[in-house]
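What follows draws every value from the coordinates through simple rules; no lab data is involved. Predicted model, so just to flag it, every value in this text is computed and none were measured. Cβ atoms come from the backbone with ideal geometry, glycine included; neighbour counts cover every protein chain shown.
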Amino acid sequence: MSADLLQAPLGQVFAGRARQLTLARALALSGGPFDAEVWPAKNLHTDLNAANDAGLSEIVVSGTQWEGYLVGFLVELFGMPWFGCGELEIKIPRSVRIGESLQPKARLESREAQAGGLRLALSVWVENQDGAQVMVGSAACTLPPAAAA
């Protein structure tokens, strides 16, 4: 768990590692089983024609992929308690294209002592290389007394 999260003032912004979304990563996630008779599977995340058929001008990356970047960042911030009591609510306001770089971020909104420990609430988002938010939401986790000490 990040000690910074426990000592940070409210409003403090934390940033995770930026990652570029490549076609290879999109194919690995959305292409289906590697041993399938036809690989990759044809869908709007792997194939331009399938994306065009869905009304898109280009392949878009599955939101699951970059939601994973956000969840990994929350695990870095909260540590093991995240797996037992982490809460996440998100919305995806825009699609992400191959080649974009994404970075998860979080702002500490509240820190409340509760009977079960210390509850931390965050605003969370993922932004692209231009600063556009491609995922927005909130996260919270109640740290047990031992972790909050």
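If the requirement is being within 20 Å of residue 17 (Cα to Cα), out of contact with any Leu (no Cβ under 8 Å at 6 or more places or on another chain) and in contact (Cβ under 8 Å) with a residue 40 or more places away in the chain, which of these qualifies: 105, 91? Before you say what the answer is, go through the steps one by one.
On the way: 91 fails: within 20 Å of residue 17 (Cα to Cα).
Answer to the selection: 105.
Within the range 1-35, restricting attention to residues that are more than 21 Å from residue 134 (Cα to Cα) and of a type in the set (S, T, N, Q), which residue is surrounded by the fewest Cβ atoms within 10 Å (Cβ to Cβ)?
It comes out as 7.
Report the residue count in the range 1-46 for those that are part of a helix (DSSP H, G or I) and either acidic (Asp, Glu) or touching a residue at least 12 places away in the same chain (Cβ under 8 Å) (or both). Break it down into steps so the answer makes sense when it comes.
First pass over the range 1-46, keeping only residues part of a helix (DSSP H, G or I): 3-7, 23-30.
Imposing the further condition that a residue be either acidic (Asp, Glu) or touching a residue at least 12 places away in the same chain (Cβ under 8 Å) (or both) reduces the set to 4-6, 23, 25-27, 29-30.
Counting residues in the range 1-46 that are part of a helix (DSSP H, G or I) and either acidic (Asp, Glu) or touching a residue at least 12 places away in the same chain (Cβ under 8 Å) (or both) gives 9.
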